[in-house]
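What follows is a short report on a single structure.
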Amino acid sequence: MSVELTKLDDCALLRLNRPEALNALSFTVLNEIAAALDEVAGWKVRALIVTGAGKKAFCAGADIKELRGRSMTARKRGAELGQATFAKLERLPFPSVAAINGFAFGGGLEFALACTFRLATRNAKLGLPEIKLGLIPGYGGTQRLPRIVGEARALEMIMLGRTVAAEEAERIGLVHRLVDDSAVDGAVSFVKEFSAYSLLALGLAREAVTRALDVPIHEGLKIETDLSTLAFSTADAEEGMAAFTEKRKAMFKDE
């Protein structure tokens, strides 16, 4: 199998294991990722960490050899497979963290963009170079990248096929933090910063932010009102407020 799914502390770890191919995304690998995401959605974990085997590449993108000589229908289905697979990542009931260890190009960056958070090693390089092949991103890159870095920077990266180094990626908000050693170890430490919080509250916070991106602010404020009201109705909210009043650590149960 080219996709490994294991547990690491209170996290799940999904590792692409094709280092000889820079962890490229063949259609078989995409289907394996989809199956792994379906499985991990039922696990009792606080987060999913996604990474690639080896130190050279997180994921170098699509397997170009598979992209040639296909019918228009097959090409459309290929894009739909990538988009549907990464949508499963966005819909997980817990946050996800891309631990970017090296290259994240094309579909590899699109994979990372679908995660809640992105961390990168200092040697990481990120980009959507499809334009150099006469193509454009097809697994969500044209939609997620501008929502993260803004329209101007997204157009520059996509239309120039420009590669972004780790330091610049952090500066423009493409990655949240840089890590000096193991990307996975850095991701585990990062998860500990929120893993004690209520998964229900984390999910509602994420939903409030992402849903509001597609509507005017007055509609976004209504979404926030509805979801914050829902958060108040949880047992975790009562526990959190009680713990604050009683000056003790909250013990959330995701209820």
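The values are calculated or read from the model by the stated rules, or taken from the named source; none is laboratory data. This one's a predicted model, so the numbers in the text were calculated from it and none came from an experiment. Here Cβ is always computed from backbone atoms with ideal geometry, including for glycine, and neighbour counts include all displayed protein chains. Surface areas here come from the heavy atoms of the whole protein model, side chains and all, with no ligands, DNA or RNA. Shrake-Rupley method; radii C 1.70, N 1.55, O 1.52, S 1.80 Å.
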Selection from the stretch 169-184 of residues in contact with a Leu (Cβ under 8 Å, 6 or more places away or on another chain) and open to solvent by less than 50 Å² (accessible area, probe 1.4 Å) yields Ala169, Leu174, Val175, Leu178, Val179, Ala183, Val184
Within the stretch 106-133, the residues that are open to solvent by 30 Å² or more (accessible area, probe 1.4 Å), among the β-branched types (Val, Ile, Thr) and under 18 Å from Arg171 (Cα atoms) are Thr116
Is it the case that some residue within the stretch 172-182 is part of a helix (DSSP H, G or I) and either in the same structural domain as Leu113 (by the TED database) or over 16 Å from the mean Cα position of the chain (by Cα) (or both)?
no
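Yes/no per residue for (1) open to solvent by 70 Å² or more (accessible area, probe 1.4 Å); (2) closer than 24 Å to Glu80 by Cα; (3) part of a helix (DSSP H, G or I); (4) touching a residue at least 60 places away in the same chain (Cβ under 8 Å):
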| position | (1), (2), (3), (4) |
| --- | --- |
| Thr142 | no, yes, yes, no |
| Leu145 | no, yes, yes, no |
| Arg153 | yes, no, yes, no |
| Glu193 | yes, no, no, no |
| Ala196 | no, no, no, no |
| Leu202 | no, no, yes, yes |
| Ala205 | no, no, yes, no |
| Arg211 | yes, yes, yes, no |
| Leu227 | no, no, yes, no |
Contact list, first residue from the stretch 29-51 and open to solvent by 50 Å² or more (accessible area, probe 1.4 Å), second anywhere and aliphatic (A, V, I, L, M), beta-carbon distance below 7 Å, six or more apart or interchain, is Glu39/Leu5; Trp43/Ala12
Given the conditions (1) in contact with a helix residue (DSSP H, G or I) (Cβ under 7 Å, 6 or more places away or on another chain); (2) surrounded by 12 or more Cβ atoms within 10 Å (Cβ to Cβ), every one holds for Ala235 apart from (1)
ask   = Somewhere in the stretch 89-96, is a residue closer than 26 Å to Leu8 by Cα, aromatic (Phe, Trp, Tyr) and assigned to a loop (DSSP other than H, G, I, E, B)?
value = yes
From the option list Ala242, Ala183, single residue qualifying as small (Gly, Ala, Ser) and more than 25 Å from Leu128 (Cβ to Cβ) is Ala242
When the stretch 56-105 is checked residue by residue, the ones that are open to solvent by less than 10 Å² (accessible area, probe 1.4 Å) and aromatic (Phe, Trp, Tyr) are Phe58, Phe86, Phe94
Filtering strands (runs of 3 or more DSSP E) wholly in the stretch 6-61 for at least 1 residues that are of a type in the set (Ser, Thr, Tyr) and in the same structural domain as Tyr139 (by the TED database) gives 47-52
Within the stretch 6-27, the count of residues that are modelled with pLDDT of 95 or more and open to solvent by 50 Å² or more (accessible area, probe 1.4 Å) comes to 4
Of those in the stretch 30-44 that are more than 16 Å from the chain's Cα centre (by Cα) and not polar (S, T, N, Q), the residue nearest to Phe252 (Cα to Cα) is Lys44
query = Is one or more of the residues making up the stretch 39-52 in contact with a Pro (Cβ under 7 Å, 6 or more places away or on another chain) and either more than 24 Å from Leu174 (Cβ to Cβ) or modelled with pLDDT under 95 (or both)?
reply = yes
